[in-house]
Amino acid sequence: MATVSARSAWWLAMRPATLTASAAPVLVGTGAAWADGRFSLWPAIAALIGASLLQIGANFANDVFDFERGADTHDRLGPQRATQQGWISAEQMKRAMWLTFAGALLTGIYLTAVAGWPVMALGLASIAAAYLYTGGPRPYGYLGLGDLAVFVFFGFGAVAGTYYVQAHSVSTLAWLAAIPIGALATAILVVNNLRDIETDARAGKHTLAVRLGDGTTRSYYLLLLAIAYLVPAFLWWRGLAEAWVMLPWLSLPLALKLAGRMRHERGLALNGCLVRTARLEVVFGLLFAIGLAL
């Protein structure tokens, strides 16, 4: 068993490659707020901090609860998990999880003071969703509902929530802008679950990828990419945004390369696709935010 420093173990447990799933929606929500003349700096920064803490807390929860349920074994093909490797004890990981969720809650208290009780409701629902994905008596991530939760919370919840804390309402533009970001965040999960189909099935973790099978899951990934790129075109076509909203299409070559790799790569090779899908989301999100704001 490999040994790492405590700092490295905690860094790996945070799963930094996945944190784009929390940054991209905040960028897009802020871009939409700017477009409507409702931008507010400190709520935007607080939204980014809160979303990042929620993502880290969810990663800590997945690390420890997947280990305890037997989903993480020495056969795991993904990046090493700190609890499974023995670098961090289960109790330490749970403590860190709750402390991280507490930090997100404190951020939520500030944002509630700024924008009202709906923010606290969204924050509590987000914490519950992060915990119950792999924790609790019937984790929904083991029932094939993880994709829906990611789309809702990292799409609509994060984008519309970021807009709301700045504008105190949610525009049609903000709701629609959440769709491509939710699709790309879900695509990250799809790659992760495709890679783990065999080990998840043996552990009784019936993700949507396990239920759909290898071939259909690959097609599902391509559909998510297609949705992401069609939404900016729809916004322009409907006159909801200027032509600048098409800026995310500059990232299309990255998406096409990923689409090609996802047709045939398997096993460990999918770790590269996962990292590149996360990068695609943040590049797409940054370009989308700029396009909305211009």
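For this structure, a couple of remarks:
- Relative to the globular-protein estimate of 2.2 N^0.38 Å, the Cα radius of gyration of segment 92-189 stands at 1.13.
- Span-rule helices in the chain, defined as complete DSSP H runs reaching 27 Å or more along the axis (Cα) with Kyte mean at least -1.0: 41-68, 90-115, 172-195, 214-237, 269-293
- Size of the chain as Cα extents on the principal axes (Å, biggest first): 54, 44, 33
- Environment charge of Val165, counting only residues whose C-beta is closer than 15 Å and scoring Lys/Arg +1, Asp/Glu -1: 0
- Rel. contact order, % - alpha carbon contacts under 8 angstrom, at least six apart, segment 208-278: 24
- The Kirkwood radius of segment 140-247, taken over pairs of alpha-carbon atoms, gives through the Stokes-Einstein law at 37 °C and 0.692 mPa s a diffusion coefficient of 221 µm² s⁻¹.
- Simple spin-label estimate for Trp237 and Ala259 gives 1.6 nm between the two label positions (7 Å along the Cα-to-Cβ direction from each Cα).
- Relative to the Cα centre, the charge distribution of the chain, modelled as +1 at Lys and Arg Cβ and -1 at Asp and Glu Cβ, gives a dipole magnitude of about 280 debye.
Since every read-out is calculated from the coordinates, none of them should be taken as a lab result. In this text the structure is predicted, and so the values were computed from the model without any measurement. Backbone-built Cβ (ideal geometry, glycine too); neighbour counts: all protein chains shown.
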